[in-house]
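Inspection log for the structure reproduced underneath, given as structure tokens.
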Amino acid sequence: MIDFAIPADLAAERDRVRQFVIDKIVPFERDPRLTAHGPNDELRQELVELARAENLLTVQAPKELGGRGLTHVEQAVLYEASGWSTLGPVAMNCAAPDEGNMFLLSKIANAEQTKQYLQPVIDGHQRSVFAMTEPGGAGSDPNQLATEATFDGENFTVNGRKWLITGADGAKTWIIMARLAANPHLPEGPTLFITDGDQPGIVIERIMNTMDRNYVGGHAVVNFDNLVLPKESVLGETGQALRYAQLRLAPARLTHCMRWLGAAERAQSIAIDYAKTRTAFGKPIGEHQGVSFMLADNEIALHQCRLTIWHACWLMDQGEKARHESSIAKSYVSEELFKVTDRCVQVLGGIGISDETVVEMIFRDMRAFRLYDGPTEVHKYAIGRQLLR
């Protein structure tokens, strides 16, 4: 029997998270520290302390590292509630890229790496980055990785250029993907390295101007200029970076969907309230079929997105990799939530394209969501290949 019931304790925690975001986090949406490149570190730390005070910080982390060890379904319920404000996941330390990086490190980091690099991120004291994407190389196709690491038996030297590296400015924990060149000591190929962000050789060239503004520090162009790393900096095994990236990306696609579902619900709520009070042609605009149908289409899409997310999460909780289902969820949910937000802008009319409400910001961020962790076309390509096998 299929059971869609949310346990009473989880429903109560969902409601507590939503109320926390409404009462404590939403007021910061007009804070000048929410810049064109996202919230700055000072604002992030203030939000983190609010969540810490409510015992809502990094609830997804493994129990042995101070979290609650949430299942994927439990994450779906609570992350959706946190997403009511784009600052909610920042406060609760479940925003990208930290959330995905914490998941990956909890799976493959050794004890020393966990203590030095993972635990401070879980505790909310520092941020992390995942440096893979390159202007002329790795992106949707990580096999094009151009950044190279050489190894002399004692140290690695990394050279290359990355861009769209989310949160690089000010981050302390760095996960770097580079192609290890052939050498007589270790297996070659794509490899993950972990290091401190203040190492000589990590050069943040500039912060890119992008349409979204929900990630701390924005998105940077980064140069690795003879970055020297000790052999202890290897994360996992050499040559296995692409496998580790898939380990990270499958659940990360879903957590993006969870958070943005909450944001789309917020936009829908604002549009509904406006449709009840704004009048045109003798009655509230919500009573006109054109507007009511848009709101109805939104409600249908939100429901379908939620069920799609839950199903993929349920499969992962059963021990399945759920790559196929997570690709379905990411491609479907990102496209549908963008349509939801677009219709909300339309319902709001002129104020929908202004900053009188947060809907215009959600709309811009939602457009970027269609590209996060792989564009829709890449996921559909993967889905098609799976069908034809």
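Taking H324 and the conditions (1) touching a residue at least 60 places away in the same chain (Cβ under 8 Å); (2) under 22 Å from H72 (Cα atoms); (3) buried (at least 21 other Cβ atoms within 10 Å of the Cβ); (4) not charged (D, E, K, R), which numbered condition does it fall short on, given that it satisfies the others?
Every listed condition holds for H324 apart from (3).
Suppose we filter L78, L145 for residues that are more than 23 Å from D365 (Cβ to Cβ) and modelled with pLDDT of 95 or more; which single one remains? Break it down stepwise before answering.
On the way: L78 fails: more than 23 Å from D365 (Cβ to Cβ).
Going through L78, L145 in turn, the sole match is L145.
Give T71, T35, T86, T58 a once-over and let me know the one that is closer than 17 Å to L118 by Cα, of a type in the set (S, T, Y) and touching a residue at least 40 places away in the same chain (Cβ under 8 Å). Steps first, answer last, please.
Details: T71 fails: closer than 17 Å to L118 by Cα; T35 fails: closer than 17 Å to L118 by Cα; T86 fails: closer than 17 Å to L118 by Cα.
Only one candidate qualifies: T58.
Could you tell me which residue of the stretch 244-273 is farthest from A322 (Cα to Cα), considering only residues that are open to solvent by 20 Å² or more (accessible area, probe 1.4 Å) and at pLDDT 95 or above?
D273
Against the condition open to solvent by less than 50 Å² (accessible area, probe 1.4 Å), part of a loop (DSSP other than H, G, I, E, B), of a type in the set (A, V, I, L, M) and closer than 30 Å to V333 by Cα, how does V216 come out, does it pass?
Working: open to solvent by less than 50 Å² (accessible area, probe 1.4 Å): yes; part of a loop (DSSP other than H, G, I, E, B): yes; of a type in the set (A, V, I, L, M): yes; closer than 30 Å to V333 by Cα: yes.
Taking the combined requirement at face value, the residue satisfies it.
Considering the stretch 146-167 alone, what residues qualify as being buried (at least 22 other Cβ atoms within 10 Å of the Cβ), farther than 14 Å from G201 by Cα and among the hydrophobic types (A, V, I, L, M, F, W, C)? Break it down into steps so the answer makes sense when it comes.
Keep residues of the stretch 146-167 that are buried (at least 22 other Cβ atoms within 10 Å of the Cβ), which gives 147, 149, 156, 158, 160, 162, 165-167.
Right, trim to farther than 14 Å from G201 by Cα and you get 165-167.
Listed by number, the list holds a single entry, I165.
From (1) surrounded by fewer than 16 Cβ atoms within 10 Å (Cβ to Cβ); (2) of a type in the set (D, E); (3) part of a helix (DSSP H, G or I), pick out the condition that doesn't hold for D365.
In the conditions (1) surrounded by fewer than 16 Cβ atoms within 10 Å (Cβ to Cβ); (2) of a type in the set (D, E); (3) part of a helix (DSSP H, G or I), D365 misses (1) alone.
With respect to L186, is the statement that it is surrounded by fewer than 23 Cβ atoms within 10 Å (Cβ to Cβ), over 22 Å from the mean Cα position of the chain (by Cα) and either assigned to a loop (DSSP other than H, G, I, E, B) or not acidic (D, E) (or both) true? Steps first, answer last, please.
Details: surrounded by fewer than 23 Cβ atoms within 10 Å (Cβ to Cβ): yes; over 22 Å from the mean Cα position of the chain (by Cα): yes; either assigned to a loop (DSSP other than H, G, I, E, B) or not acidic (D, E) (or both): yes.
So L186 fits the description; yes.
Return a yes/no flag: does the stretch 274-284 have any residue that is open to solvent by 40 Å² or more (accessible area, probe 1.4 Å), within 28 Å of Y117 (Cα to Cα) and not in a helix (DSSP H, G or I).
Of the stretch 274-284, the ones open to solvent by 40 Å² or more (accessible area, probe 1.4 Å) are 274, 276-279, 281-283.
Add one more test, that the residue is within 28 Å of Y117 (Cα to Cα), and what stays is none.
Taking every residue of the stretch 274-284 in turn, none turns out to be open to solvent by 40 Å² or more (accessible area, probe 1.4 Å), within 28 Å of Y117 (Cα to Cα) and not in a helix (DSSP H, G or I).
The values are calculated or read from the model by the stated rules, or taken from the named source; none is laboratory data. For clarity, every value in this text was computed on a predicted model and none was experimentally measured. Quick reminder, even Gly has a Cβ in these numbers, built from the backbone with ideal geometry, and neighbours come from all protein chains shown. The area values use the complete protein model at the heavy-atom level, side chains included, leaving out ligands, DNA and RNA. Shrake-Rupley method; radii C 1.70, N 1.55, O 1.52, S 1.80 Å.
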